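> After the structure tokens below, expect a handful of questions from me.
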Amino acid sequence: MPITFQAENHLSFPSFVKRRKTAAWIKQVAEKYGKKAGDVNYLFCDDERILSVNKQYLSHDYYTDIITFDFSGGGSVSGDIFISLDTVKSNSQKYQTDFVEELHRVIIHGVLHLCGLKDKSAEEAEKMRKAENEALGLLDFKTKQS
């Protein structure tokens, strides 16, 4: 089952996201939660597209860094994941984090949702952040992503 990464036509694909290595990382994280990676499709977009998706499918009139549509079944995780590069960039500035790390945090955040983790309550958000940090710990940005 493929894990795909695409950027909208007017956007440059983030060159530091190495497709094969990132896909292997996603599979590794899914396996940690007893899941197999199925069809997971990432679309890197801008704020206007994520706002449009938010309005159309979720009736939300605000920007977000990620929207995950979960099509998982059985022991496999599948879904479409929209990521706004604009919001990830502004969040990395707001939280004073490295953009590369922040984007990978958001990439894995979507997979963690597909694995069943939630982040609506403070307790759930804390567990999600811990899971993100553990997943990021599996990825050495200097060696594995270059």
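> Mind listing just one residue for me: the one in the stretch 66-82 that is in a strand (DSSP E or B) and surrounded by fewer than 16 Cβ atoms within 10 Å (Cβ to Cβ) and, of those, modelled with the highest pLDDT?
D70
> Okay, next question. Within the stretch 31-46, restricting attention to residues that are small (G, A, S) and in contact with a Gly (Cβ under 9 Å, 6 or more places away or on another chain), which residue is surrounded by the fewest Cβ atoms within 10 Å (Cβ to Cβ)?
G34
> Still on this structure, please answer the following. Run G116 past the list (1) in contact with a helix residue (DSSP H, G or I) (Cβ under 7 Å, 6 or more places away or on another chain); (2) in a loop (DSSP other than H, G, I, E, B) and report the number of the one that doesn't hold.
That leaves (1) as the condition not met.
> Between residues in the stretch 41-70 that are touching a residue at least 24 places away in the same chain (Cβ under 8 Å) and residues that are of a type in the set (K, R), which pairs lie under 9 Å by C-beta distance while being six or more apart or on different chains?
Every condition considered, the pairs that remain are L43/R49.
> Separate question: Identify all residues within the stretch 1-51 that are out of contact with any Pro (no Cβ under 8 Å at 6 or more places or on another chain), part of a strand (DSSP E or B) and of a type in the set (D, E, K, R); write none if there are none.
K36
> Same structure again: Have a look at V40, V100, V77, V88 and point out the one that is on the phi < 0 side of the Ramachandran plot and in contact with a Cys (Cβ under 8 Å, 6 or more places away or on another chain).
Among V40, V100, V77, V88, only V77 is on the phi < 0 side of the Ramachandran plot and in contact with a Cys (Cβ under 8 Å, 6 or more places away or on another chain).
> Kindly list, by first and then second residue, each pair from a residue in the stretch 97-108 that is in contact (Cβ under 8 Å) with a residue 24 or more places away in the chain and under 12 Å from S84 (Cβ atoms) to a residue that is in a loop (DSSP other than H, G, I, E, B) and of a type in the set (V, I, T), limited to pairs with Cβ atoms under 9 Å and residues at least 6 apart or on different chains.
L103/V17
> Can I ask one more? Name the residue that is modelled with the highest pLDDT, counting only residues in the stretch 47-65 that are surrounded by fewer than 19 Cβ atoms within 10 Å (Cβ to Cβ) and touching a Ser or Thr at 6+ places or on another chain (Cβ under 6 Å).
Out of the qualifying residues, it is D47.
> On the basis of being surrounded by 14 or more Cβ atoms within 10 Å (Cβ to Cβ), β-branched (V, I, T), outside any helix (DSSP H, G or I) and over 10 Å from the mean Cα position of the chain (by Cα), does V100 make the cut?
No.
> Now a separate question. V29: at pLDDT below 95 and in contact with a helix residue (DSSP H, G or I) (Cβ under 8 Å, 6 or more places away or on another chain), yes or no?
no
> Determine whether the stretch 120-127 contains at least one residue that is surrounded by 14 or more Cβ atoms within 10 Å (Cβ to Cβ) and of a type in the set (G, A, S).
Within the stretch 120-127 (the criterion being surrounded by 14 or more Cβ atoms within 10 Å (Cβ to Cβ) and of a type in the set (G, A, S)), the answer is no, since none of the residues qualifies.
The values are calculated or read from the model by the stated rules, or taken from the named source; none is laboratory data. As the structure is a computational prediction, the values presented were derived from the model and not from experiment. Don't worry about glycine lacking a Cβ; one is built from the backbone with ideal geometry, like all the others, and counts go over all protein chains shown.
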